[in-house]
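Notes follow the structure.
The values are calculated or read from the model by the stated rules, or taken from the named source; none is laboratory data. Keep in mind that this is a model prediction, so the values were computed, not measured. Please note: Cβ atoms are built from the backbone with ideal geometry, for glycine as well, and neighbour counts cover all protein chains shown. Only protein heavy atoms, including side chains, enter the accessible area calculation; ligands, DNA and RNA are left aside. Shrake-Rupley method; radii C 1.70, N 1.55, O 1.52, S 1.80 Å.
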Amino acid sequence: MVFITFHGGVREIGGNRILIEDSDAKLWLDFGRSFSAERRFYTGWLQPRSHSQLPDLLEFDLIPRLRGLYAQRHLEGSPIPHEEPQYDAVFISHAHADHVDYVRFLDPSIPIYCGSGTKLFLEASEEIGHIAYGKHSYKTFRTGDRIRIGDVEVEPIHVDHSIPAAYGFIIHTSSGSIVYTGDLRRHGPKGEMTEEFLEAAAKTEPEALIIEGTKIHEETKRISEEEVYIGVLGVLEKAEGKAVFYTQNRRDTDRFKTFYKAAKTSGRRLVITTWTAHLLSKLVEDEHLDLPDPMKDENIAIYFRRKKSGRYREKDYYQWERPYLERMVTAEEIRRRPGEYLVCLELHHFPELIDIRPQGGHYIYSMSEHMEEEVLEEGVMRNWLSHFSLRLHQLHASGHMSREELLKAVETINPEKVYPIHTEHPKLFMKLLREWKVETPTRGRSYGL
Ligand SMILES: [Zn+2]
(Lines give C-alpha, C1' and ligand atoms only; values in the text may rest on other atoms or scores of the structure.)
Protein backbone atom coordinates (compact mmCIF):
# COMPACT_ATOMS: atom_id res chain seq x y z
CA MET A 1 0.00 0.00 0.00
CA VAL A 2 1.21 3.49 -0.88
CA PHE A 3 0.45 6.48 1.34
CA ILE A 4 0.65 10.23 0.84
CA THR A 5 0.73 12.36 4.01
CA PHE A 6 0.54 16.14 3.87
CA HIS A 7 2.60 17.64 6.68
CA GLY A 8 2.41 21.17 5.29
CA GLY A 9 1.18 23.19 2.32
CA VAL A 10 -2.39 22.53 3.49
CA ARG A 11 -4.67 25.59 3.18
CA GLU A 12 -1.59 27.77 3.01
CA ILE A 13 0.73 29.12 0.33
CA GLY A 14 4.02 27.40 1.04
CA GLY A 15 5.30 25.13 3.77
CA ASN A 16 5.26 22.16 1.39
CA ARG A 17 6.26 18.96 3.21
CA ILE A 18 4.75 15.82 1.69
CA LEU A 19 5.63 12.31 2.76
CA ILE A 20 5.37 9.39 0.29
CA GLU A 21 5.55 5.85 1.72
CA ASP A 22 5.69 2.67 -0.34
CA SER A 23 6.45 -0.45 1.74
CA ASP A 24 9.97 0.24 3.03
CA ALA A 25 10.61 3.44 1.09
CA LYS A 26 9.88 6.75 2.81
CA LEU A 27 10.62 9.96 1.00
CA TRP A 28 9.72 13.62 1.33
CA LEU A 29 8.72 16.02 -1.42
CA ASP A 30 10.06 19.41 -0.29
CA PHE A 31 10.68 20.43 3.28
CA GLY A 32 9.84 24.12 3.37
CA ARG A 33 8.97 26.81 5.80
CA SER A 34 5.35 27.78 6.57
CA PHE A 35 5.37 31.55 6.66
CA SER A 36 1.66 31.94 7.35
CA ALA A 37 1.61 29.28 10.10
CA GLU A 38 4.69 30.80 11.72
CA ARG A 39 3.11 34.24 11.66
CA ARG A 40 0.45 33.03 14.13
CA PHE A 41 3.10 32.90 16.86
CA TYR A 42 6.17 34.68 15.57
CA THR A 43 6.26 38.12 14.05
CA GLY A 44 8.72 41.00 13.62
CA TRP A 45 11.23 40.82 16.45
CA LEU A 46 9.41 37.93 18.15
CA GLN A 47 11.16 34.94 16.59
CA PRO A 48 12.27 31.41 17.58
CA ARG A 49 15.37 31.67 19.78
CA SER A 50 18.60 31.13 17.86
CA HIS A 51 19.81 28.33 20.17
CA SER A 52 16.39 26.62 20.21
CA GLN A 53 14.85 27.08 16.78
CA LEU A 54 13.44 23.60 16.26
CA PRO A 55 11.95 23.21 19.79
CA ASP A 56 10.43 26.69 19.45
CA LEU A 57 8.71 25.62 16.21
CA LEU A 58 7.69 22.19 17.57
CA GLU A 59 6.01 23.90 20.55
CA PHE A 60 3.24 25.17 18.24
CA ASP A 61 3.27 22.29 15.71
CA LEU A 62 4.79 24.57 13.08
CA ILE A 63 6.95 21.69 11.87
CA PRO A 64 6.08 17.92 11.86
CA ARG A 65 6.43 16.19 15.22
CA LEU A 66 8.15 13.05 13.95
CA ARG A 67 10.94 10.86 15.23
CA GLY A 68 13.95 9.80 13.21
CA LEU A 69 13.83 12.94 11.11
CA TYR A 70 15.75 15.75 12.76
CA ALA A 71 19.42 16.29 13.59
CA GLN A 72 20.51 15.60 17.15
CA ARG A 73 21.96 19.09 17.66
CA HIS A 74 18.62 20.71 16.81
CA LEU A 75 16.58 18.40 19.04
CA GLU A 76 18.30 19.45 22.25
CA GLY A 77 15.69 20.79 24.66
CA SER A 78 12.79 19.40 22.60
CA PRO A 79 10.29 16.72 23.69
CA ILE A 80 11.41 14.47 20.80
CA PRO A 81 14.41 12.19 21.46
CA HIS A 82 16.98 11.75 18.72
CA GLU A 83 16.64 8.46 16.83
CA GLU A 84 18.30 6.86 13.84
CA PRO A 85 16.80 8.39 10.67
CA GLN A 86 13.69 6.62 9.43
CA TYR A 87 13.51 8.41 6.08
CA ASP A 88 15.37 7.63 2.86
CA ALA A 89 15.45 10.91 0.96
CA VAL A 90 14.15 14.45 0.55
CA PHE A 91 13.45 15.74 -2.98
CA ILE A 92 13.54 19.53 -3.31
CA SER A 93 11.53 21.01 -6.19
CA HIS A 94 13.21 24.46 -6.12
CA ALA A 95 15.10 26.89 -3.89
CA HIS A 96 12.25 29.06 -2.60
CA ALA A 97 12.21 29.22 1.20
CA ASP A 98 8.70 27.77 1.45
CA HIS A 99 9.98 24.59 -0.23
CA VAL A 100 13.48 24.20 1.19
CA ASP A 101 14.16 26.22 4.34
CA TYR A 102 13.49 23.60 7.04
CA VAL A 103 15.99 21.23 5.45
CA ARG A 104 18.38 22.85 7.92
CA PHE A 105 16.81 20.90 10.79
CA LEU A 106 17.03 17.47 9.13
CA ASP A 107 19.35 14.69 10.19
CA PRO A 108 22.48 15.05 8.03
CA SER A 109 22.42 11.39 7.05
CA ILE A 110 19.15 11.78 5.11
CA PRO A 111 20.20 12.54 1.50
CA ILE A 112 18.85 15.69 -0.16
CA TYR A 113 18.12 15.46 -3.90
CA CYS A 114 17.86 18.71 -5.88
CA GLY A 115 18.71 20.32 -9.21
CA SER A 116 22.29 21.55 -9.55
CA GLY A 117 21.04 25.15 -9.85
CA THR A 118 19.17 24.74 -6.57
CA LYS A 119 22.35 23.58 -4.87
CA LEU A 120 24.16 26.73 -6.13
CA PHE A 121 21.37 28.88 -4.67
CA LEU A 122 21.68 27.17 -1.28
CA GLU A 123 25.45 27.59 -1.30
CA ALA A 124 25.19 31.29 -2.18
CA SER A 125 22.70 31.87 0.67
CA GLU A 126 25.01 30.11 3.12
CA GLU A 127 28.11 31.99 1.96
CA ILE A 128 26.57 35.38 2.54
CA GLY A 129 25.45 34.24 5.99
CA HIS A 130 21.72 34.41 5.31
CA ILE A 131 20.95 30.95 6.51
CA ALA A 132 22.90 27.91 7.66
CA TYR A 133 21.51 24.76 6.07
CA GLY A 134 24.18 22.68 7.82
CA LYS A 135 25.98 19.66 6.46
CA HIS A 136 23.91 17.31 4.31
CA SER A 137 24.62 14.79 1.66
CA TYR A 138 23.39 16.52 -1.50
CA LYS A 139 22.77 14.62 -4.71
CA THR A 140 21.96 16.62 -7.82
CA PHE A 141 19.72 15.55 -10.67
CA ARG A 142 18.71 16.70 -14.14
CA THR A 143 15.62 16.16 -16.28
CA GLY A 144 15.58 12.59 -17.57
CA ASP A 145 17.24 11.06 -14.51
CA ARG A 146 15.43 8.31 -12.62
CA ILE A 147 16.35 7.96 -8.99
CA ARG A 148 15.58 4.70 -7.25
CA ILE A 149 14.63 4.80 -3.56
CA GLY A 150 13.65 1.26 -2.47
CA ASP A 151 10.61 0.24 -4.53
CA VAL A 152 10.04 3.77 -5.75
CA GLU A 153 11.50 5.60 -8.73
CA VAL A 154 11.51 9.38 -8.83
CA GLU A 155 11.66 11.19 -12.16
CA PRO A 156 12.43 14.93 -11.98
CA ILE A 157 11.34 17.07 -14.95
CA HIS A 158 12.09 20.77 -15.35
CA VAL A 159 9.28 23.33 -15.10
CA ASP A 160 9.14 27.10 -15.56
CA HIS A 161 8.83 29.10 -12.33
CA SER A 162 10.12 32.40 -10.94
CA ILE A 163 13.43 30.80 -10.00
CA PRO A 164 15.74 28.70 -12.19
CA ALA A 165 16.30 24.97 -11.63
CA ALA A 166 12.65 24.34 -10.67
CA TYR A 167 11.32 20.78 -11.10
CA GLY A 168 8.14 18.77 -10.92
CA PHE A 169 8.33 15.09 -9.99
CA ILE A 170 6.76 11.90 -11.26
CA ILE A 171 6.97 9.30 -8.51
CA HIS A 172 6.62 5.76 -9.84
CA THR A 173 5.32 3.64 -6.96
CA SER A 174 4.15 0.03 -6.69
CA SER A 175 0.53 1.28 -6.99
CA GLY A 176 0.99 3.58 -9.98
CA SER A 177 2.40 7.04 -10.38
CA ILE A 178 2.04 10.17 -8.26
CA VAL A 179 2.63 13.53 -9.94
CA TYR A 180 3.85 16.50 -7.87
CA THR A 181 3.93 19.86 -9.62
CA GLY A 182 6.06 21.87 -7.19
CA ASP A 183 5.42 25.50 -8.27
CA LEU A 184 5.01 26.22 -11.95
CA ARG A 185 3.77 28.56 -14.67
CA ARG A 186 3.22 28.52 -18.41
CA HIS A 187 3.64 32.21 -19.23
CA GLY A 188 7.33 32.61 -18.32
CA PRO A 189 10.31 32.66 -20.70
CA LYS A 190 10.61 28.85 -20.45
CA GLY A 191 6.95 27.92 -20.64
CA GLU A 192 7.75 24.97 -22.91
CA MET A 193 9.48 23.21 -20.01
CA THR A 194 6.20 23.20 -18.09
CA GLU A 195 4.46 21.76 -21.18
CA GLU A 196 7.03 18.95 -21.31
CA PHE A 197 6.41 18.14 -17.66
CA LEU A 198 2.62 18.07 -18.10
CA GLU A 199 2.89 15.79 -21.15
CA ALA A 200 5.29 13.39 -19.47
CA ALA A 201 3.04 13.30 -16.40
CA ALA A 202 -0.04 12.54 -18.51
CA LYS A 203 1.71 9.59 -20.20
CA THR A 204 2.05 7.79 -16.85
CA GLU A 205 -1.76 7.85 -16.31
CA PRO A 206 -1.26 8.88 -12.70
CA GLU A 207 -3.21 7.69 -9.70
CA ALA A 208 -2.69 10.99 -7.93
CA LEU A 209 -1.86 14.57 -8.81
CA ILE A 210 -0.56 16.88 -6.08
CA ILE A 211 -0.97 20.32 -7.62
CA GLU A 212 -0.11 23.82 -6.45
CA GLY A 213 -3.01 26.28 -6.47
CA THR A 214 -1.51 29.64 -5.54
CA LYS A 215 -3.65 31.53 -8.08
CA ILE A 216 -6.81 29.39 -8.16
CA HIS A 217 -8.83 32.17 -6.44
CA GLU A 218 -7.79 34.94 -8.86
CA GLU A 219 -9.65 35.73 -12.03
CA THR A 220 -7.53 38.72 -12.97
CA LYS A 221 -5.46 38.57 -16.13
CA ARG A 222 -1.81 37.81 -15.52
CA ILE A 223 1.03 39.59 -17.30
CA SER A 224 3.96 37.80 -18.88
CA GLU A 225 7.68 38.42 -18.37
CA GLU A 226 7.79 39.93 -21.87
CA GLU A 227 5.12 42.44 -20.84
CA VAL A 228 7.16 43.34 -17.75
CA TYR A 229 10.12 43.98 -20.07
CA ILE A 230 8.06 46.27 -22.31
CA GLY A 231 6.78 48.11 -19.22
CA VAL A 232 10.30 48.63 -17.83
CA LEU A 233 11.48 49.88 -21.21
CA GLY A 234 8.59 52.36 -21.26
CA VAL A 235 9.56 53.73 -17.84
CA LEU A 236 13.20 54.08 -18.94
CA GLU A 237 12.16 55.97 -22.07
CA LYS A 238 10.13 58.42 -19.99
CA ALA A 239 12.94 58.84 -17.47
CA GLU A 240 15.39 60.76 -19.73
CA GLY A 241 18.39 61.57 -17.57
CA LYS A 242 16.53 60.93 -14.32
CA ALA A 243 17.12 58.19 -11.77
CA VAL A 244 15.30 54.87 -12.07
CA PHE A 245 15.24 52.37 -9.19
CA TYR A 246 13.62 48.97 -8.88
CA THR A 247 13.02 46.21 -6.35
CA GLN A 248 12.72 42.59 -7.38
CA ASN A 249 12.71 39.20 -5.72
CA ARG A 250 16.36 38.29 -5.19
CA ARG A 251 16.14 34.78 -6.53
CA ASP A 252 14.18 35.53 -9.69
CA THR A 253 16.86 35.43 -12.38
CA ASP A 254 14.25 35.82 -15.14
CA ARG A 255 13.37 39.19 -13.66
CA PHE A 256 17.06 40.01 -13.38
CA LYS A 257 17.42 39.26 -17.10
CA THR A 258 14.42 41.50 -17.83
CA PHE A 259 16.02 44.49 -16.08
CA TYR A 260 19.44 43.64 -17.53
CA LYS A 261 18.08 43.56 -21.08
CA ALA A 262 16.05 46.77 -20.58
CA ALA A 263 19.08 48.61 -19.13
CA LYS A 264 21.26 47.50 -22.04
CA THR A 265 18.68 48.49 -24.66
CA SER A 266 18.23 51.94 -23.17
CA GLY A 267 21.96 52.55 -22.79
CA ARG A 268 22.05 52.45 -18.98
CA ARG A 269 24.25 50.28 -16.78
CA LEU A 270 22.46 47.92 -14.45
CA VAL A 271 23.48 48.44 -10.82
CA ILE A 272 23.03 45.32 -8.71
CA THR A 273 23.60 44.49 -5.04
CA THR A 274 26.66 42.59 -3.83
CA TRP A 275 24.36 39.67 -3.02
CA THR A 276 23.08 39.48 -6.60
CA ALA A 277 26.66 39.76 -7.85
CA HIS A 278 27.64 36.84 -5.64
CA LEU A 279 24.66 34.75 -6.71
CA LEU A 280 25.38 35.43 -10.41
CA SER A 281 29.05 34.53 -9.96
CA LYS A 282 27.91 31.13 -8.73
CA LEU A 283 25.13 30.61 -11.26
CA VAL A 284 27.40 31.30 -14.26
CA GLU A 285 28.88 27.87 -13.44
CA ASP A 286 25.63 26.39 -14.77
CA GLU A 287 25.76 27.12 -18.51
CA HIS A 288 22.09 26.09 -18.92
CA LEU A 289 21.06 29.26 -17.10
CA ASP A 290 22.79 31.61 -19.56
CA LEU A 291 23.50 34.48 -17.15
CA PRO A 292 26.11 37.29 -17.47
CA ASP A 293 29.26 37.28 -15.34
CA PRO A 294 29.12 40.33 -13.03
CA MET A 295 32.94 40.47 -12.94
CA LYS A 296 33.28 40.73 -16.72
CA ASP A 297 30.10 42.24 -18.14
CA GLU A 298 30.46 45.94 -18.93
CA ASN A 299 26.71 46.51 -18.62
CA ILE A 300 26.78 45.65 -14.92
CA ALA A 301 28.04 47.69 -11.97
CA ILE A 302 27.87 46.70 -8.31
CA TYR A 303 26.51 49.02 -5.65
CA PHE A 304 28.46 49.35 -2.43
CA ARG A 305 26.79 50.93 0.55
CA ARG A 306 28.91 52.90 2.96
CA LYS A 307 29.53 50.82 6.06
CA LYS A 308 31.42 51.17 9.37
CA SER A 309 34.17 53.66 8.39
CA GLY A 310 31.81 55.42 5.99
CA ARG A 311 34.64 55.53 3.43
CA TYR A 312 34.33 52.40 1.28
CA ARG A 313 37.35 50.75 2.89
CA GLU A 314 37.95 47.14 1.95
CA LYS A 315 37.90 45.97 5.56
CA ASP A 316 34.39 47.39 6.00
CA TYR A 317 32.99 44.62 3.82
CA TYR A 318 32.45 40.90 4.25
CA GLN A 319 35.03 38.56 2.78
CA TRP A 320 32.56 37.37 0.15
CA GLU A 321 31.85 40.97 -0.96
CA ARG A 322 35.45 42.06 -1.42
CA PRO A 323 36.12 40.50 -4.86
CA TYR A 324 33.35 42.71 -6.26
CA LEU A 325 34.90 46.00 -5.07
CA GLU A 326 36.62 46.41 -8.43
CA ARG A 327 33.20 46.79 -10.08
CA MET A 328 32.02 49.28 -7.45
CA VAL A 329 29.61 52.12 -8.04
CA THR A 330 28.70 54.46 -5.16
CA ALA A 331 25.80 56.69 -4.15
CA GLU A 332 27.90 59.72 -5.05
CA GLU A 333 28.46 58.50 -8.61
CA ILE A 334 24.75 57.75 -9.15
CA ARG A 335 23.87 61.20 -7.74
CA ARG A 336 26.18 62.83 -10.33
CA ARG A 337 24.92 60.83 -13.32
CA PRO A 338 21.49 59.37 -12.46
CA GLY A 339 20.54 58.95 -16.13
CA GLU A 340 23.34 56.47 -16.75
CA TYR A 341 22.07 53.80 -14.39
CA LEU A 342 19.17 51.51 -13.61
CA VAL A 343 19.56 50.78 -9.91
CA CYS A 344 18.34 47.79 -7.91
CA LEU A 345 17.28 49.07 -4.49
CA GLU A 346 16.16 46.52 -1.93
CA LEU A 347 13.39 47.63 0.41
CA HIS A 348 15.58 47.62 3.53
CA HIS A 349 18.18 49.68 1.65
CA PHE A 350 15.84 52.65 1.08
CA PRO A 351 18.05 54.87 3.31
CA GLU A 352 20.58 54.84 0.43
CA LEU A 353 18.23 57.35 -1.22
CA ILE A 354 19.39 59.89 1.38
CA ASP A 355 22.89 59.68 -0.11
CA ILE A 356 21.85 59.28 -3.75
CA ARG A 357 19.41 62.20 -3.36
CA PRO A 358 17.54 61.74 -6.67
CA GLN A 359 16.02 64.89 -8.13
CA GLY A 360 12.84 63.13 -9.19
CA GLY A 361 12.68 59.97 -11.23
CA HIS A 362 10.98 56.58 -11.13
CA TYR A 363 10.70 53.52 -8.93
CA ILE A 364 9.52 50.13 -10.20
CA TYR A 365 8.12 47.70 -7.64
CA SER A 366 8.59 44.29 -9.25
CA MET A 367 8.07 41.83 -6.43
CA SER A 368 6.19 38.57 -6.10
CA GLU A 369 3.09 38.53 -3.98
CA HIS A 370 3.96 35.79 -1.51
CA MET A 371 6.82 34.51 0.61
CA GLU A 372 8.63 37.80 0.53
CA GLU A 373 11.76 37.75 2.60
CA GLU A 374 11.29 41.36 3.54
CA VAL A 375 8.10 43.26 3.97
CA LEU A 376 7.82 47.01 3.88
CA GLU A 377 4.50 48.59 4.69
CA GLU A 378 3.06 50.18 1.61
CA GLY A 379 2.42 53.47 3.40
CA VAL A 380 6.08 53.69 4.44
CA MET A 381 7.21 52.98 0.88
CA ARG A 382 4.95 55.67 -0.52
CA ASN A 383 6.24 58.20 2.02
CA TRP A 384 9.84 57.57 0.93
CA LEU A 385 8.95 57.78 -2.74
CA SER A 386 7.04 61.01 -2.35
CA HIS A 387 9.85 62.53 -0.25
CA PHE A 388 12.28 61.92 -3.12
CA SER A 389 9.73 62.69 -5.88
CA LEU A 390 9.94 59.19 -7.33
CA ARG A 391 7.00 57.95 -9.32
CA LEU A 392 5.81 54.44 -8.44
CA HIS A 393 5.24 51.79 -11.13
CA GLN A 394 4.16 48.24 -10.43
CA LEU A 395 5.30 45.61 -12.93
CA HIS A 396 5.34 41.94 -12.07
CA ALA A 397 4.75 38.59 -13.75
CA SER A 398 3.68 35.86 -11.39
CA GLY A 399 5.61 32.63 -10.89
CA HIS A 400 2.36 30.67 -10.87
CA MET A 401 -0.27 29.37 -13.27
CA SER A 402 -3.53 31.24 -13.61
CA ARG A 403 -6.85 29.61 -12.72
CA GLU A 404 -7.52 28.58 -16.34
CA GLU A 405 -4.05 27.11 -16.68
CA LEU A 406 -4.39 25.13 -13.47
CA LEU A 407 -7.69 23.63 -14.63
CA LYS A 408 -6.20 22.86 -18.04
CA ALA A 409 -3.19 21.21 -16.38
CA VAL A 410 -5.51 18.86 -14.47
CA GLU A 411 -7.31 18.04 -17.72
CA THR A 412 -4.03 17.33 -19.51
CA ILE A 413 -2.62 15.12 -16.77
CA ASN A 414 -5.97 13.38 -16.25
CA PRO A 415 -5.24 11.81 -12.84
CA GLU A 416 -7.43 9.41 -10.86
CA LYS A 417 -7.42 11.86 -7.94
CA VAL A 418 -6.45 15.51 -7.40
CA TYR A 419 -4.90 16.86 -4.17
CA PRO A 420 -4.70 20.68 -4.23
CA ILE A 421 -2.01 22.22 -2.01
CA HIS A 422 -0.05 25.50 -1.74
CA THR A 423 -3.30 27.48 -1.79
CA GLU A 424 -5.56 29.08 0.79
CA HIS A 425 -8.57 27.99 -1.28
CA PRO A 426 -8.30 24.22 -1.95
CA LYS A 427 -12.11 23.82 -1.95
CA LEU A 428 -12.29 25.93 -5.12
CA PHE A 429 -10.69 23.02 -6.99
CA MET A 430 -13.68 20.89 -5.96
CA LYS A 431 -16.11 23.50 -7.21
CA LEU A 432 -14.29 24.11 -10.48
CA LEU A 433 -13.45 20.48 -11.26
CA ARG A 434 -16.78 18.75 -10.74
CA GLU A 435 -15.97 15.79 -12.99
CA TRP A 436 -12.82 14.96 -11.06
CA LYS A 437 -12.19 13.32 -7.74
CA VAL A 438 -10.73 16.17 -5.72
CA GLU A 439 -9.57 15.55 -2.17
CA THR A 440 -8.74 18.64 -0.11
CA PRO A 441 -6.09 17.27 2.22
CA THR A 442 -6.07 17.56 5.99
CA ARG A 443 -2.75 18.25 7.62
CA GLY A 444 -1.10 15.14 9.04
CA ARG A 445 -3.64 12.71 7.50
CA SER A 446 -2.48 9.83 5.29
CA TYR A 447 -4.23 9.04 2.02
CA GLY A 448 -3.87 5.58 0.52
CA LEU A 449 -3.42 5.16 -3.21
ZN1 LIG B 1 8.12 28.83 -5.53
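For the reader, a short list of remarks on this structure follows.
- Hypothetical label at Met1: residues of region 419-445 whose amide nitrogen lies under 20 Å (7 Å Cα-Cβ projection): 419, 439-445
- Taking amide H as placed 1.01 Å from N in the peptide plane, Ile149 has its amide H under 5 Å from the amide H of Val154, each at least 5 places away in sequence or on another chain.
- Antiparallel bridges, percent of DSSP beta bridges restricted to the chain (to nearest 5): 45
- Across region 8-27, the residues whose backbone nitrogen lies under 13 Å from the label position 7 Å along the beta-carbon direction of Arg39 are 12-15.
- Accessible area per residue, Å², region 112-174 with all protein chains present, probe 1.4 Å: 36
- Note on Arg382/Leu289: beta-carbon distance plugged into 1/(1 + (r/R0)^6) with R0 of 35 Å gives a FRET efficiency of 0.50.
- Each Lys or Arg adds one and each Asp or Glu subtracts one; over the other residues with Cβ under 15 Å from the Cβ of Pro338, this totals +3.
- DSSP beta bridges confined to region 24-153 are antiparallel in about 30 percent of cases.
- Per residue accessible area in Å² of region 330-430, where ligands, DNA and RNA are left out and the probe is 1.4 Å: 44
- Amide H within-cut-off set for Arg391, under 5 Å, with H built and near neighbours excluded: Gly361, His362, Tyr363
- Cα-based reach from Lys119 at 28 Å (exclusive), listing lysines while leaving out same-chain residues under 8 positions away: Lys26, Lys135, Lys139, Lys190, Lys215, Lys257, Lys261, Lys282, Lys296
- Among 394-403, 240-249, the peptide with the highest mean count of other Cβ atoms within 10 Å heads the list, and the full ranking is 394-403, 240-249.
- Under a 5 Å amide H cut-off, with hydrogens placed 1.01 Å from N, Gly68 pairs with Glu83 among residues at least 5 apart or on other chains.
- With θ taken as phi - 60° and the Karplus curve 6.51 cos²θ - 1.76 cosθ + 1.60 applied, the whole-hertz 3J(HN,Hα) list for region 362-368 is 9, 9, 10, 8, 10, 10, 6 Hz, x standing for glycine and proline.
- Viscosity 1.306 mPa s, temperature 10 °C, Stokes-Einstein D of region 273-379 from Kirkwood C-alpha radius, µm²/s: 102
- Tensor-based shape of region 98-236 (alpha-carbon gyration tensor, a/c under 1.5 rounded, otherwise prolate or oblate): oblate
- With R₀ set to 41 Å, the beta-carbon distance separating Glu226 from Glu153 gives a calculated FRET efficiency near 0.65.
- Couplings for region 70-86, taken from phi via the Karplus curve 6.51 cos²θ - 1.76 cosθ + 1.60 with θ = phi - 60°, read 9, 6, 4, 5, 7, 7, 4, x, 9, x, 9, x, 6, 9, 4, x, 10 Hz in order; Gly and Pro are left as x.
- Solvent exposure of Trp436, expressed as accessible area, is near 60 Å², computed with a probe of 1.4 Å over the protein chains only.
- Mean separation of Cα contacts under 8 Å, 6 or more apart, over the residue count of the chain: relative contact order %: 19
- Residues Ser23 and Glu84, FRET efficiency given R0 of 22 Å [Cβ-Cβ distance, rounded to 0.05]: 0.75
- Taking a ≥ b ≥ c as the square roots of the eigenvalues of the Cα gyration tensor, an a/c ratio of 1.5 or more together with a/b larger than b/c marks the chain as prolate.
- Fraction of antiparallel bridges per DSSP, region 165-226 only, in percent to nearest 5: 60
- Residue-normalised accessible area of region 1-72, expressed per residue, 1.4 Å probe, Å²: 43
- Ranked packing of 189-197, 35-43, most packed first, by mean Cβ within 10 Å: 189-197, 35-43
- Solvent-accessible area of the chain (1.4 angstrom probe, protein heavy atoms only): carbon and sulfur portion equals 47 percent.
- In sequence order, calculated HN-Hα J values of region 25-36 (Karplus, 6.51, -1.76, 1.60; Hz; x Gly/Pro): 7, 10, 9, 9, 9, 6, 8, x, 8, 8, 5, 5
- Region 173-217: C-alpha gyration tensor shape, a/c 1.5 cut-off, then a/b vs b/c: oblate
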